[in-house]
Amino acid sequence: MRHFRNGQTVEGHITVVLEREQSTLVFKNVPAQICENCGEEYLSADIHRKLLQKAEDAVYRGVDLELLRFAA
C-alpha cells in the first residue's frame, strides 16, 4: 500500500499551448495554481475563458503559429 501526501496548490505561472484547426498558440506567463506535490496545473475559469477567446480570435485571423505573453 502506498501513502500519498495531499498537495497544496501555490500561485505560479505556466506555459499553455492551444491548437485549434490550423492554428497553434503558445501563451507564456499564464497565471495558474500549481500542486506542490504532483505539479498538476489548474486555471481559473476566467483565465480559461480568456485563453479560449484568444484562440478563437487567432483562428478567425488565420494564424498558423503565435507566441504570446499572457496579459489578463
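Computed from the coordinates by the stated procedures, all read-outs in this text should not be read as laboratory data. None of these values were measured; they are calculated from a predicted model. Cβ sites come from the backbone with ideal geometry, for glycine too, and all protein chains shown count toward neighbours.
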remark   = Residue-ordered couplings for segment 16-24, obtained by feeding phi - 60° into the Karplus form 6.51 cos²θ - 1.76 cosθ + 1.60 and rounding to whole Hz (Gly and Pro as x), are 10, 10, 10, 10, 8, 6, 9, 9, 10
inquiry  = With +1 assigned to the C-beta of every Lys and Arg and -1 to the C-beta of every Asp and Glu, and no other charges, what is the dipole magnitude of the chain about the Cα centre in debye, to the nearest 20?
reply    = 140 debye
ask   = Between 7, 42, 60, whose Cα lies farthest towards the positive end of the dipole of the chain when Lys and Arg beta carbons carry +1 and Asp and Glu beta carbons carry -1, centred on the Cα centre?
value = 7
remark   = Under 5 Å from the placed amide H of residue 14, counting only residues 5+ away or on other chains, we find 29, 30, 32
query = Percent relative contact order of segment 9-69, based on C-alpha pairs within less than 8 angstrom and at least six residues apart?
reply = 40 percent
inquiry  = Nearest 10 degrees is fine. How inclined is helix 45-61 to the longest principal axis of the chain, computing both from alpha carbons?
reply    = 30 degrees
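With a/c under 1.5 counting as rounded, go ahead and sort segment 9-69 into rounded, prolate or oblate using the C-alpha gyration tensor (a ≥ b ≥ c being the square roots of the eigenvalues; past the cut-off, prolate if a/b is larger than b/c, else oblate).
prolate
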